[in-house]
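Written out below as structure tokens is the structure these notes cover.
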Amino acid sequence: MGKLIGIFLIVFAVCHLGYSELDWWENGNFYQIYPRSFKDSNGDGIGDLNGIKEKLDYVKDIGMQGVWLSPIFQSPMADFGYDISDYTKVQPEYGTSDDLLALIEKAHSIGLHLILDFVPNHTSDEHEWFKRSIANDSYYRDFYIWHDGVINATTGARQPPSNWVSQFRYSAWEWNDQRQQYYLHQFGVKQPDLNYRNPNVVEEMKNILRFWLERGVDGFRIDAVPFLFEADIDPATGTYPDEPVIADTSSCPDPNDWCHLNHIYTNSLPEIFDIVYQWRDVVDQWKRDYDTDTKVLLTEAYTSFENLMRMYGDGVHNGSNIPFNFEMMAELNNQSSAEKYDYYVRHWLDNMPQGVYANWVLGNHDNPRLASRFGAQRADLMNIFLQTLPGIAVTYNGEEYGLEDGYVSWEDSVDPQACNADPSTYLKYSRDPERTPFLWDNSKNAGFSTADHTWLPVGQSYENNNIDAQLAAENSHLKIFKQLTALRKSEPAFSSGDYESVVVNNVLLYKRSADTGNTYLMILNIGDQDEVLNLNGLFDDLSGTPEVVLSSLYSGRINGEIVDADSFATKAYNGYVLRWTD
Ligand code: NOJ
């Protein structure tokens, strides 16, 4: 400890930024709101649009430019809004269309851009299209993927056309008595997959984008992109091809689990890219036709790195502005080394196409919260990391104040992924813990709702840890986050600076500087050991005396403190931002 041994990697990763004037989303800060859990304005125990409107100044205050709302459309709520029964209507428990228009207006009036969630892979089984498809109405007959099934040669019984498994477990095929056929659902039984080989489906979905563009939204987060296409029927067999079982089933032994199969026929088919490019055309055309601000697409795809790069565009077509970068979410955990952190930064920066922006996503409503995944002690470090990398940062509501997962009992569980399991295994599948209500203050239900029963319980003790308390405290996770976003906005180093990094033992250090402004050094002690570092000589052009601009809550450092570059003591799990003044 305390020795500068073990400098085993010095890298130079240069990100080709340097744009003089940035469009609103470039280098932007995006905030994901999970509407059901953000703020309930009418006391029914469920968050809503007026609640969000009430708290929009908070979102602005913490330094955001874009706000993405998880789905607020009409839905039976089998998958909490990711099962839409009318794409053009607002779910009544969230408010009315007028409430949404008022929210968009309020967002714009304070300089925020509002992004809606577009769920194109599947509708609800209660959508009019599906009802008409069941009824064999000619226009809608092939809006979904239907098949008679196959007859089992041994038993003579009818069975699903292939072995495909749903993301939510069990067969991806469900029998429909009325139509006397199976339909495909890559997610829940109540979420039939649309058929993108039908041009009418493609056009109807574009019209939905146009419907909301007309109402002033600033873009879309596009759900479940890799699932848009499946292999077509094999003419030789008249059915769909079975997917192979993964080579080593020890990581996923249960055949009912999605991870048990290798999804070569149902996931990330080459056809998905063209659809994304077509959607990009729709939003770009809108901007040209109506001379609006840029409309952006954010795409959700848990897929290969190569596919994520292709999501940006193929050199001829533009695609997603922000293909969510899930690499770190998938690959890093509380045991990961500083080298790994550095690797995933450079991997994206060094391989992304020219002229696009990197983006960094560390949490969302489908994954355990940052503070739970990486350890509460690293909560600030992770935010320092996210906010100081080159490109776009995406923050899931709650991560800005170090919120951990809430506890949700089996009895209180509502997530279909949890409910498809059992009391002994549900926690492995459940997404409820990261969806529990936001903690605003120390009043009933943490100020989220005045109801006696909330849709999910408030999952954490909130009496002393909530937004009000963190704002009132001399220092807090939230205050650190606000300092970060302000710094990022005001300093050229964070909008056009390169990324130069060094790993010393388990500490990641990276420098950001631009042609103008100050030079910054981020020091992330990712490991579990304190380290004393000699900062001199690690990077070119770093001479003089640095000061601490901000650091993790329990670092013991004071903002503005001048430090000794020869011997800078870092604490395990703590992050630091140092400034070299010009
Ligand atoms: C991804 C969404 O983020 C998740 O919450 C949802 O269950 C699935 N797509 C299905 O829409």
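Nothing in this text is a laboratory measurement; each read-out follows from the coordinates by a stated rule. Quick caveat, the model's predicted, so the values are computed rather than measured. Note that we place each Cβ from the backbone using ideal geometry, even for glycine, and neighbour counts take in every protein chain shown.
What percent antiparallel are the DSSP beta bridges of the stretch 22-115, to the nearest 5?
Expressed as a percentage, antiparallel bridges in the stretch 22-115 total about 20.
How fast does the stretch 110-231 diffuse by Stokes-Einstein, in µm²/s, taking the Kirkwood radius from C-alpha pairs at 25 °C and 0.890 mPa s?
My calculation gives 156 µm²/s for D.
Return the percentage of antiparallel bridges among DSSP beta bridges fully within the chain, rounded to the nearest 5 %.
65
Taking neighbour Cβ counts within 10 Å as the exposure measure, how do Y302, Y290, Y407 sort from fewest upward?
In increasing order of surrounding Cβ atoms, one gets Y290, Y407, Y302.
Skipping prolines and chain starts, which residues have an amide H placed within reach, meaning under 5 Å, of the one on L261, given they are 5 or more residues away or on another chain?
Result for L261 returns I246.
Picking from F539, M522, N559, whose Cα lies most toward the positive end of the charge dipole for the stretch 506-559 (charges on Cβ: Lys, Arg +1; Asp, Glu -1)?
The listed residue farthest towards the positive side: N559.
Just how far, in whole angstrom, is the stretch 203-223 from the stretch 391-414 if you go by their alpha carbon centroids?
The stretch 391-414 and the stretch 203-223 have Cα centres spaced 27 Å from each other.
Enumerate the aspartates and glutamates that K131 could reach by cross-link, defined here as Cα to Cα under 17 Å, with residues fewer than 8 away along the same chain left out.
D83, D86, D142, E174, D177, D193, E204
How many nm separate the modelled label positions at D452 and R141, each set 7 Å beyond the Cα in the direction of the Cβ?
The answer from the label model is 5.4 nm.
Just order 399-406, 542-549 by mean Cβ neighbour count inside 10 Å, highest at the front, would you?
Descending packing order for the listed peptides: 399-406, 542-549.
Using R₀ = 56 Å, calculate the FRET efficiency as 1/(1 + (r/R₀)^6) where r is the Cβ-Cβ separation of C259 and W286; round to 0.05.
E between C259 and W286, to the nearest 0.05, is 0.90.
Measuring from the lowest to the highest alpha carbon on each principal axis, how far does the stretch 56-152 reach, largest first, in angstroms?
So the three principal-axis extents are 61, 28, 21 Å.
Given charges of +1 on the Cβ of Lys and Arg and -1 on the Cβ of Asp and Glu, with all other atoms neutral, how large is the dipole of the stretch 237-385 about its Cα centre, in debye to the nearest 20?
That gives a dipole near 480 debye.
Could you list which residues have their amide H under 5 Å from that of G313, counting only those 5 or more apart in sequence or on another chain, with H placed in the peptide plane?
Counting only residues 5 or more places away or on other chains, the set is G319, S320.
Using the number of other C-beta atoms within 10 angstrom as an exposure proxy, rank W410, W173 with the fewest first.
Ordered by Cβ neighbours within 10 Å, fewest first: W410, W173.
Please compute the net charge surrounding N506, taking Lys and Arg as +1 and Asp and Glu as -1 over other residues with Cβ under 9 Å from its Cβ.
In short, -3.
Please rank Y170, Y576, Y426, fewest neighbouring Cβ atoms within 10 Å first, as an exposure proxy.
Y170, Y426, Y576
Among DSSP beta bridges lying fully in the stretch 105-246, give the percent that are antiparallel, nearest 5.
For the stretch 105-246, the DSSP antiparallel bridge percentage is about 75.
Beyond 29 Å between alpha-carbons counts as too far, so tell me which of K489/K571; K89/K489; K55/K444; K190/K287; K55/K190 fall in that bin.
From K489/K571; K89/K489; K55/K444; K190/K287; K55/K190, over 29 Å: K89/K489; K190/K287; K55/K190.
Towards the positive end of the charge dipole of the stretch 475-582, with charges on Cβ (+1 Lys, Arg; -1 Asp, Glu), say which of L478, A569, L550 has the farthest Cα.
After comparing all options, I get L478.
Using only Cα atoms, tell me the angle between helix 379-388 and the longest principal axis of the chain; keep it within 0 to 90° and round to the nearest 10.
With both axes taken from Cα atoms, the answer is about 90 degrees.
Against the empirical 2.2 N^0.38 Å scaling, what ratio does the C-alpha Rg of the stretch 243-343 come to?
1.39
Which value, in debye to the nearest 20, gives the size of the charge dipole of the stretch 222-290 about its Cα centre, when Lys and Arg are +1 and Asp and Glu are -1 at the Cβ?
Using only the charged Cβ atoms, the result is roughly 340 debye.
Give me the number: length gained by fully extending W175 to N334, i.e. 0.36 nm times residue separation minus the C-alpha to C-alpha distance, one decimal in nm.
Once the chain is fully extended between W175 and N334, it gains 53.0 nm.
Size of the dipole of the chain about the Cα centre, Lys and Arg at +1 and Asp and Glu at -1 on the beta carbon, nothing else charged, in debye to 20?
Roughly 360 debye for the chain.
I need the calculated FRET efficiency for the pair E54 and D412, taking r as the beta carbon distance and R₀ as 22 Å, to the nearest 0.05.
Computed FRET efficiency for E54 and D412 comes out at 0.25.
Order these peptides, 317-325, 155-163, by their mean beta-carbon neighbour count within 10 angstrom, highest first.
By packing density, highest mean first, the sequence is 317-325, 155-163.
Fully extended, how many nm does the chain gain between E474 and D540 (0.36 nm per residue separation, minus their Cα-Cα distance)?
The span from E474 to D540 would gain 20.2 nm if fully extended.
From the alpha carbon gyration tensor of the stretch 159-198, can you work out the equivalent ellipsoid semi-axes (sqrt of 5 times each eigenvalue) and give them in Å, largest to smallest?
The equivalent ellipsoid of the stretch 159-198 has semi-axes of 15, 13, 10 Å.
From the helices alone, meaning DSSP H stretches of at least four residues, give me the mean residue ellipticity at 222 nm for the chain, per-run term -39500 (n - 2.57), in deg cm²/dmol to the nearest 500.
Result for the chain: -7000 deg cm²/dmol, rounded to the nearest 500.
Under the definition of Cα pairs under 8 Å and six or more residues apart, what whole-number percent is the relative contact order of the chain?
Taking the mean separation of contacting Cα pairs over the length of the chain, I get 16 percent.
Binning at 20 angstrom from zero up to the longest distance, how are the C-alpha pair distances of the chain distributed in percent?
Result returned by the calculation: 20, 53, 25, 3, 0.
Given contacts defined as C-alpha pairs under 8 Å and at least six residues apart, what's the relative contact order of the stretch 243-291, whole-number percent?
30
Farthest toward the dipole's positive end in the chain, which of F324, H185, Q74, given Cβ charges of +1 (Lys, Arg) and -1 (Asp, Glu) about the Cα centre?
Result: F324, furthest along the dipole toward the positive end.
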